[in-house]
Amino acid sequence: MDPVRNPYAPGAGQRPPELAGRGRELDAFEVVLERVARARPERSLVLTGLRGVGKTVLLNTLRSAAIGRLWGTGKIEARPDQSLRRPLSAALHMAIRELTPHHRNPDRVDEVLGVLKAFALRANDSGAKLRDRWAPGIDVPPARGRADSGDIEIDLVELFTDAASLATDVGTGIALFIDEMQDLGPADVSALCAACHELSQLGAPLIVVGAGLPHLPAVLSAAKSYSERLFRYQRIDRLDRIAADHALCAPAAREDVAYEPKALDLLYEKSGGYPYFVQAYGKATWDHAPTSPITAADVRVAAPEAEAELAVGFFGSRFERATPAEREYMRTMAALSGEAADDMDAAVPTADIAGALGRRPASLSPARDALIKKGLIYSGGRGTVAFTVPHFGRYLRTQPA
């Protein structure tokens, strides 16, 4: 098979040639856009799931749908060591710029930009050196007495309210997309929830679309108890068999290439239906297959190459970020999760991990908390932990101690 014509795209956040199995989420978002356009009340949206299930790809696709409706949009990726104020200012600035050509009153736009600039400049209040101070690049003077108190919760409510009123003027809306949302700090999460709560009460046309790991709902709930009713939660999971086959077959068919049924059986078994793995195994199989149709034998020959690439780029890079104590914790998790779920990496009680290591649970808390902060594990329920990366336990069980 010609590798130049290989249609598969196993990349971080890279849209696959066929976005299979996400029709329900796309249709639901179209309903949100239409309801907001008709001034109907609607909640912001939160996507959750393991790494490699396509949350970022879906987030970008939803943003494209909003742009197609002439909404103002902006996107950020949250980081554990970064305040929300600066990246959110840049994202909202982009959204307002997208609305500006449709607004008939430039003075009104400048008024909201002044509020945004006042909000943004408070990011310089942390005592940073002069060379580290940030200029937001907004060519209007900052407003006074609006979104500039220094309290992120008060300021964000005022900023979102003013920005939403600008969208109301042009008859559209604003959508802010936040990837890795679980990495926001507690104060920023609380402020974001408060702002979304205020907007929902006003029926204002500004929504937040967040994406994060499975414990994101718990992070939001810890910040504001009403967050359970504030957002529409959608769990993004692995593809079912029909969708996984479609993700492989549709782009291949456009290149006049077909798969034998047994090849698709084996590819689903290898990938588990996880979109990133579907693309990885599909790409390797294409490059090794001599001709169409692709057979199960072709998959068997290609699988070691796909697994080697995943071992380095998808699994190994994450494992290398862990300290020796954290690696010991994960290896024990992997052993216990494999015993419990026949290689499917089930959640493991932290008490069982402590017992297997012959340690007190409290003494393992630093390793557990560090792994959660690094995004390698999450607490799916009280007293349990699980891997954020699918098949990570299986990978660890194949590695020498």
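The values are calculated or read from the model by the stated rules, or taken from the named source; none is laboratory data. Please read these numbers as outputs of a predicted model, since none were measured by experiment. Cβ sites come from the backbone with ideal geometry, for glycine too, and all protein chains shown count toward neighbours. When the accessible area is computed, the model is the full protein with side chains, heavy atoms only, and any ligands, DNA or RNA have been set aside. Shrake-Rupley method; radii C 1.70, N 1.55, O 1.52, S 1.80 Å.
Does segment 307-321 contain any residue that is more than 23 Å from the chain's Cα centre (by Cα) and under 23 Å from P10 (Cα atoms)? Yes - at least one qualifying residue is present in segment 307-321. Residue count for segment 3-41, restricted to those that are under 22 Å from V57 (Cβ atoms) and touching a Gly at 6+ places or on another chain (Cβ under 6 Å): 1. Of all residue pairs spaced 6 or more apart or on separate chains, those with beta-carbon atoms under 7 Å, a first member in segment 218-242 that is in contact (Cβ under 8 Å) with a residue 12 or more places away in the chain and acidic (D, E) and a second member that is assigned to a loop (DSSP other than H, G, I, E, B) and open to solvent by 40 Å² or more (accessible area, probe 1.4 Å) are D240/G21. Filtered by the rule that a residue be buried (at least 18 other Cβ atoms within 10 Å of the Cβ), at pLDDT below 90 and of a type outside the set (D, E, K, R), segment 285-318 gives a lone residue, F314. Which of (1) surrounded by fewer than 19 Cβ atoms within 10 Å (Cβ to Cβ); (2) touching a Gly at 6+ places or on another chain (Cβ under 6 Å); (3) not acidic (D, E) is the odd one out, the single condition A386 does not satisfy? For A386, the failing item is (1).
The residues of segment 225-256 that are over 21 Å from P293 (Cβ atoms) and part of a loop (DSSP other than H, G, I, E, B), listed by number, are S225, Y226, I236, D237, R238, L239, D240.
Conditions (1) over 20 Å from R232 (Cβ atoms); (2) in a helix (DSSP H, G or I), marked per residue:
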{"site": "L58", "(1), (2)": "no, yes"}
{"site": "L62", "(1), (2)": "no, yes"}
{"site": "A65", "(1), (2)": "no, yes"}
{"site": "L70", "(1), (2)": "yes, no"}
{"site": "P80", "(1), (2)": "yes, no"}
{"site": "V115", "(1), (2)": "yes, yes"}
{"site": "A120", "(1), (2)": "yes, yes"}
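Just one of the numbered conditions (1) in contact (Cβ under 8 Å) with a residue 24 or more places away in the chain; (2) within 18 Å of F314 (Cα to Cα) is not true of T398: (1).
The set of residues from segment 16-43 being basic (K, R), open to solvent by 40 Å² or more (accessible area, probe 1.4 Å) and under 30 Å from V278 (Cα atoms) comprises just one member, R24. Applying a threshold of 6 Å to beta carbon distances and a minimum spacing of six or more residues, or different chains, the list of pairs starting in segment 284-309 at a residue that is farther than 27 Å from Q399 by Cβ and ending at one that is open to solvent by 10 Å² or more (accessible area, probe 1.4 Å) and polar (S, T, N, Q) reads W286/N6.
Kindly indicate whether G21 is in contact with a His (Cβ under 8 Å, 6 or more places away or on another chain) and outside any loop (DSSP other than H, G, I, E, B). Criteria not met by G21.
Take L88 and tell me if it is part of a helix (DSSP H, G or I), touching a residue at least 24 places away in the same chain (Cβ under 8 Å), more than 28 Å from A187 (Cα to Cα) and among the aliphatic types (A, V, I, L, M). No: the conditions fail for L88. Out of the residues in segment 64-122 that are among the basic types (K, R) and over 20 Å from F29 (Cβ atoms), which is least open to solvent (accessible area, probe 1.4 Å)? Here the answer is R85. So in segment 126-136, with the set limited to residues that are assigned to a loop (DSSP other than H, G, I, E, B) and surrounded by fewer than 11 Cβ atoms within 10 Å (Cβ to Cβ), which one is modelled with the highest pLDDT? Within segment 126-136, the match that is modelled with the highest pLDDT is A135. When D139, D169 are checked against the criterion of being surrounded by fewer than 21 Cβ atoms within 10 Å (Cβ to Cβ), modelled with pLDDT under 95, in contact with a His (Cβ under 8 Å, 6 or more places away or on another chain) and of a type in the set (D, E), D169 stands alone in meeting it. Assess whether G52 counts as being buried (at least 16 other Cβ atoms within 10 Å of the Cβ), under 13 Å from the mean Cα position of the chain (by Cα) and assigned to a loop (DSSP other than H, G, I, E, B). It is true that G52 is buried (at least 16 other Cβ atoms within 10 Å of the Cβ), under 13 Å from the mean Cα position of the chain (by Cα) and assigned to a loop (DSSP other than H, G, I, E, B).
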